[in-house]
There are 2 protein chains.
Amino acid sequence: MFTRNRLAAPPVVVARERLRSGRIQAVLVNTKSANAGTGRPGRERAIACCREVAGLLGIPERLVVPCSTGKIGLPLSRSKIHRGIRSAVAELSPAGFWNAAQAIRTTDAFPKIASRRVRVRGGEVVVAGMAKGAGMIHPRMATTLAYVLTDASVTARRLRPMLAAAVDRSFHAISVDGDTSTNDTVLLLASGASGLAPGAGSTDERRLAAAVAEVLLELAQMIVVDGEGASKLVEVRVRGARTRADADRAARAIANSMLVKAAFHGADPNWGRVACAVGYSGADVDPDRIAVAIGGVVLARGGTAVAAAAERKARRAMLGSRFDVEVDLGRGRAAATMWTSDLGTRYVRFNSAYSS
Amino acid sequence: MFTRNRLAAPPVVVARERLRSGRIQAVLVNTKSANAGTGRPGRERAIACCREVAGLLGIPERLVVPCSTGKIGLPLSRSKIHRGIRSAVAELSPAGFWNAAQAIRTTDAFPKIASRRVRVRGGEVVVAGMAKGAGMIHPRMATTLAYVLTDASVTARRLRPMLAAAVDRSFHAISVDGDTSTNDTVLLLASGASGLAPGAGSTDERRLAAAVAEVLLELAQMIVVDGEGASKLVEVRVRGARTRADADRAARAIANSMLVKAAFHGADPNWGRVACAVGYSGADVDPDRIAVAIGGVVLARGGTAVAAAAERKARRAMLGSRFDVEVDLGRGRAAATMWTSDLGTRYVRFNSAYSS
């Protein structure tokens, strides 16, 4: 899956073309230059890099895909990428997963990896993923890259819906700084090395899909926590919406609101900011029906505050590093979930000092 | 004009009802409590306050409208508002404009006023406005309130389109933190005190409308500059779009991008971030046609960089406190303009250090 930015970078265009066949064997990732806004020369440079990798690995060129993250408008340095390719190929090893996760970092505070073992007929397969992200405090290389690998044997045709569903509930359900990069890329690759092939539509396949979804959600949550100097991971659940789209709009507005995130940082059970975000989200809302709970404590019901004691209880829950926000719109049965963080930089201390 | 937030505060609901007649005579503004999320008691409190004002001024209650800004879910303090009303009425004077502009501030760094004199048949009328706003760094009371007064004699029916057009090109064309408050209110009031009535459809009326638009734009720009510890006012102009909606989407995406605003702060002519924002804006874009200029210096044409010398020139322009960003999509004839600021807090120093 690739960025929906209309100005997708040349490496994304090349990767998209090559993925169409459903078969690739190597992924080349570079940082510093996004190789975006580089026109035809950028495309040729991306292809030349893949050709070099293919030559060194002894595989067809079309099986190599390029991924770049970094500055837009800056050409890939021919000599640096050449040196990088040679050393990456020289260091290639089955134990290199961690090194790769380290190498793709740009301003990430920590490398992001997650894995699951999945029992299937005949044995066990592994799903392992790595990602890089970037939060508001580090937007200089804000591209999201994620690679999920499995040794199960699954065709591309079956991997695609698996990945789409998992991305929908992970990378598309987190709040970062909102800038969709020219280079965002999430790949799911199955090597078949285990020799185990979960049957189409089988329980094994559903288990594998669940593991892929879990790995991507774990990576996405790490990206949330790494962003913005965040210290809290907050699950935003909206229910009682008339439609799924309404639920999604409301959850997204809450998760993206600076005001809400600042309140999270200060452990301020400011349900009014949550309700305000729902109000401007575009979702169908009845002011007299909305209920808000934080950390499992109901703060507002029927659109008004319940009691000061509830605020004290909610505040205690908000002092932890992980809590939930639940909003019931009282309009229907649709629901949606998003993950977000507090806004935890120095500039926010001012805002979060506003206590209820 | 009032907030479009579905959870509009009780004072907004009351004000909207009273404005329907097209006649009001007094506006009561309070800070600290937004009187939002307060249900029926909130509505009754708002009405009671207006009744008190009406009694002291000796005017019908329906001619008083309430405006509140502050915390959601916090009831208006009966005793504080009572004291406030008595002292505000006692201090009422033709020279009180500045005091009122001061009094409606919450976290605004400075009071915001603007005015124009307009020559009309038979003499001169005045248009004077005051506003309070709040930027990203001060989101705790992020309500926008603005009041534009004129001594011209104009009916409400003719004032309404005048205000709508002016708001569209001012308050709706600035980038702040994106949280539409439950209490946003912009009023245009004509007293007729000058005894001068610009004829419907006359040049005088057009001049008056232009003055109203100028006053609102000046107030809106002050709100931009006051927000976020900003130090630069940036005019974003998009042209060559296929439709007006596309132009607006692209301009809005640029003006709201954290990455772009961080680059402004560092005087970094990072056209790639501007192009990236256009790319994800949803506007129809051709990667090979987009052109970007900053401070009058063309940095990219046909989707790729022009020359390093241009970046040096653009950087000099960006060191000033006011500059333009121009984007030509090369797809049509539609255009749009937005105003935004740099992101100038400490947290941004990190990002803006990323130099091209």
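The values are calculated or read from the model by the stated rules, or taken from the named source; none is laboratory data. Here the structure is a predicted model, which means the values were calculated and not measured. Virtual Cβ from ideal backbone geometry, glycine too; neighbours counted across all protein chains shown. In case anyone asks, the SASA skips ligands and DNA or RNA and just uses the protein heavy atoms, side chains included. Shrake-Rupley method; radii C 1.70, N 1.55, O 1.52, S 1.80 Å.
Calculate, for the protein assembly as shown, the solvent-accessible area per residue in square angstrom, rolling a 1.4 angstrom probe over the heavy atoms of the protein chains. Mind dumping the intermediate values first?
Values: 29810 Å² over 712 residues.
Averaged over the residues of the protein assembly as shown, the accessible area is 42 Å².
Taking every residue in B:61-71 and counting other chain Cβ atoms within 10 Å of its Cβ, the average works out to 1. Where only DSSP H runs of four or more residues are counted, chain B gives -12000 deg cm²/dmol as its mean residue ellipticity at 222 nm, each run worth -39500 (n - 2.57). Among B:120, B:186, B:325, the largest mean-square fluctuation in a Gaussian network model of chain B (Cα springs under 10 Å) belongs to B:120. Modelled label positions at residue A:126 and residue B:110, each set 7 Å beyond Cα in the direction of Cβ, lie 6.2 nm from each other. For residue B:102, the distances from its label point to the matching points in the remaining copies are 6.2 nm, ordered from shortest, with each point set 7 Å beyond Cα toward Cβ. Placing a label point 7 Å from Cα along the Cα-to-Cβ direction at residue B:20 gives distances to the equivalent points in the other copies of 5.9 nm, listed shortest first.
For chain A, modelled as a GNM whose springs connect Cα atoms under 10 angstrom apart, the maximal fluctuation among A:335, A:190, A:308 occurs at A:308.
Average partner chain C-beta neighbours within 10 Å, per residue of A:264-272?
On the way: counts 0, 0, 0, 0, 1, 1, 4, 3, 12.
Mean shielding by partner chains, rounded to a whole number: 2.
Take the Cα of residue A:301, step 7 Å toward its Cβ, do the same at residue A:333, and the gap between the two points is 2.3 nm. Overall shape of the stretch B:72-212 was characterised from the C-alpha gyration tensor. The equivalent ellipsoid obtained from it has semi-axes of 29, 20, 13 Å, in decreasing order.
Candidate membrane-span-like segments in chain B, meaning DSSP H helices with Cα atoms spread over at least 30 Å of their own axis and a Kyte-Doolittle mean of 0.5 or above, are B:203-226, with no membrane implied. Mean partner shielding of peptide B:276-286, defined as the number of other chain Cβ atoms within 10 Å of each residue Cβ, is 6. Put simply, the convex hull of the Cα atoms in chain B casts, on average, a shadow of 18.8 nm². If R0 is 41 Å, the Cβ-Cβ spacing of residue A:95 and residue B:242 corresponds to a FRET efficiency of close to 0.20.
Note the full-extension length gain between residue A:20 and residue A:44 as 0.36 nm times their separation in residues minus their Cα-Cα distance, in nm to one decimal. Present the calculation step by step, with values, prior to reporting the outcome.
Details: separation 24, 0.36 × 24 = 8.64 nm, distance 1.92 nm.
Roughly 6.7 nm would be gained on extension.
Over the Cα atoms of the protein assembly as shown, the radius of gyration divided by the Kirkwood radius equals 1.02; this is the Rg/Rh ratio.
Please get the size of the charge dipole for the stretch A:243-346, origin at its Cα centre, with Cβ charges of +1 on Lys and Arg and -1 on Asp and Glu, quoted in debye to the nearest 20.
Details: 15 positive and 11 negative charges, 55 e Å.
Using only the charged Cβ atoms, the result is roughly 260 debye.
Computed on protein heavy atoms with a 1.4 Å probe, the accessible areas place B:169, B:40, B:16 in the order B:40, B:169, B:16, largest first.
In whole Å, how far is the Cα centre of the stretch B:25-48 from that of the stretch B:220-284? Computed from Cα coordinates, the inter-centre distance equals 36 Å. Just name one of A:306, A:201, A:104: the one whose Cα is farthest towards the positive end of the charge dipole of chain A (beta-carbon charges, Lys/Arg +1, Asp/Glu -1). The Cα lying farthest towards the positive end belongs to A:104.
With charges set only on the Cβ (+1 for Lys and Arg, -1 for Asp and Glu), what does the dipole of chain A come to about its Cα centre, in debye to the nearest 20?
Values: 51 positive and 30 negative charges, 123 e Å.
In debye, rounded to 20, chain A gives about 580.
Note on the stretch B:231-338: Cα-only Rg and Dmax are 12.4, 34 Å.
Using a 1.4 Å probe on the protein chains only, how many percent of the accessible area of the stretch B:239-305 belongs to carbon and sulfur?
Numbers: 910 of 2020 Å².
Of all accessible area on the stretch B:239-305, carbon and sulfur atoms account for 45 percent.
Packing-based ranking of B:57-66, B:285-294 yields B:285-294, B:57-66, ordered from highest to lowest mean Cβ neighbour count within 10 Å. Considered as an equivalent ellipsoid built on the Cα gyration tensor, the stretch A:38-143 has semi-axes of 27, 22, 13 Å, the largest given first. Here the stretch A:1-38 is scanned for amide nitrogen atoms under 13 Å from the site 7 Å beyond the Cα of residue A:62 along Cα-to-Cβ, giving A:17-25.
Could you give the dipole magnitude of the stretch A:268-319 about its Cα centre, charging the beta-carbon of Lys and Arg +1 and that of Asp and Glu -1, in debye to the nearest 20? Let's see the in-between values first.
On the way: 7 positive and 5 negative charges, 68 e Å.
Dipole of the stretch A:268-319, to the nearest 20 debye: 320 debye.
Dipole orientation for chain B: of the candidates B:185, B:339, B:28, B:28 has the Cα lying most toward the positive pole (charges on Cβ; Lys, Arg +1; Asp, Glu -1). Here the 3J(HN,Hα) profile of the stretch A:125-130, calculated from phi with Karplus coefficients 6.51, -1.76 and 1.60 at θ = phi - 60°, is 10, 10, 10, 10, x, 9 Hz, Gly and Pro shown as x. Residue A:87 exposes around 60 Å² of accessible area when a 1.4 Å probe is run over every protein chain in place. Net charge near residue A:326, counting Lys/Arg +1 and Asp/Glu -1 over other residues with Cβ under 10 Å of its Cβ? Net of charged neighbours comes to -1. Please give me the summed charge of the neighbours of residue A:86: other residues whose Cβ is under 15 Å from its Cβ, Lys and Arg +1, Asp and Glu -1. Overall, the nearby charge balance is +2.
Residues whose amide H comes within less than 5 Å of that of residue A:188, counting only those at least five positions distant or on another chain, are A:148 (H built at 1.01 Å from N in the peptide plane).
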